[in-house]
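Note sheet for the following structure.
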Amino acid sequence: MTKLKVAMLEAETVDELAAIIIDYTHEEMMLVFDELEWEQQARINDIWKTA
């Protein structure tokens with residue numbers, strides 16, 4: 001899951017986040033998302049809002 005966590009934290013656009021979904025299941029992504037700090041979760045949520 002470390003590779004997924006790094007990919008999620010390095011993503012800067014919704015397209016980059018969407019590309020991650022192809023390689024991982026929703027459940028895997030949510031497990032990693034839940035492990036992130038609040039600020040990291042907020043950053044990813046802000047990216048999703050641009051979709």
Task: Residue-by-residue Karplus 3J(HN,Hα) for region 18-34, coefficients 6.51, -1.76, 1.60, Hz, glycine and proline x - done: 5, 5, 5, 4, 5, 8, 9, 7, 4, 4, 4, 5, 5, 4, 5, 4, 5
Open item on the list: Could you work out what % of the accessible surface of the chain is carbon and sulfur, using a 1.4 angstrom probe and leaving DNA, RNA and ligands out of the count?
Closed with: 55 percent
TODO: Assuming R0 = 22 Å, can you tell me the calculated FRET efficiency for the pair Met1 and Ala42, based on Cβ-Cβ distance, to the nearest 0.05?
DONE: 0.60
Task: Student exercise, the chain dipole from Lys, Arg, Asp, Glu Cβ charges, in Debye to nearest 20 - done: 40 debye
Task: Estimated [θ] at 222 nm from DSSP helical runs (n ≥ 4, -39500 (n - 2.57)) normalised by residues in the chain, nearest 500 - done: -24000 deg cm²/dmol
Open item on the list: Quick check for you: with a 1.4 Å probe and neighbouring chains kept, what is the accessible area per residue of region 1-41, in Å²?
Closed with: 74 Å²
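The values are calculated or read from the model by the stated rules, or taken from the named source; none is laboratory data. The structure displayed is predicted, hence computed values, not measured ones. Cβ sites come from the backbone with ideal geometry, for glycine too, and all protein chains shown count toward neighbours. All accessible areas refer to the heavy atoms of the entire protein, side chains included, with ligands and DNA or RNA removed. Shrake-Rupley method; radii C 1.70, N 1.55, O 1.52, S 1.80 Å.
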